[in-house]
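Written below as structure tokens is the structure these notes are about.
Values in this text are rule-based calculations from the coordinates and carry no lab data. Since the structure is predicted, the reported quantities are computational estimates derived from the model, not experimental observations. All Cβ positions, glycine included, derive from the backbone under ideal geometry; neighbour counts span all protein chains shown.
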Amino acid sequence: MSLHYLLDAYNIIYQVPELAKGSLEEQRNKLIAFVDVKRPQGSPKNAVTIVFDGRPGNSRPRASSTAKIIFSLTESADERILRLVDEATNRKSVIVVTNDRAVQYAVKALGAKAIEVGEFMIKGDPGLLKSARPPSAKKQRQDPPKDISLALEDEINKELKSFWLKEKGHKP
């Protein structure tokens, strides 16, 4: 079974500093060239659609030997990607590449798969990500330092427990 990768183009470009250098046209062409040369999609049988926001402008991007290039025109790239997933005959074979959490959740709700930019790019060129922003999912959560004593914390918890149990109709 071959896969179909849908790439949220500008989301990818802005996650990888090497792709974000230069004019808009150069950025587009770098992403297209990366997909053509490095083939992060794996097998040549796997389809790739690169979805750009807006219109191509005066200069069209370079032609791709491996990817279909789409401009979202009057809708956002996110809307276009979700529509493409929704219209897919086999959603389980669709993989959307984006770090946009809202798009990831929507794609998964439609029955397709979403992967982060780093996971996709590393397949083509692991060295390219050295200067990339770290994926948000990898960030460690840090609790803010406590400004109250343990005794005060215990007193507050008891008071809240008493209040909450009264509201629920329980005896404290």
Residue-wise HN-Hα coupling along segment 101-110, computed from phi with Karplus coefficients 6.51, -1.76, 1.60 (Hz; x: Gly, Pro): 4, 4, 5, 4, 5, 5, 4, 5, 5, 7
Provide the FRET efficiency to the nearest 0.05 for the ALA63-ALA109 pair, computing r from the beta carbons and using R0 = 35 Å. 0.55
How are the Cα pair distances of segment 4-136 distributed, in percent, across 5 Å bins from 0? 2, 11, 22, 25, 22, 13, 4, 0
At what distance in nm do the modelled label points of ALA20 and SER2 sit from each other, each positioned 7 Å from its Cα along Cα→Cβ? 3.3
Could you calculate the contour length gain from ILE122 to ILE148, that is, 0.36 nm times the residue separation minus the distance between their Cα atoms, to one decimal place in nm? 4.9 nm
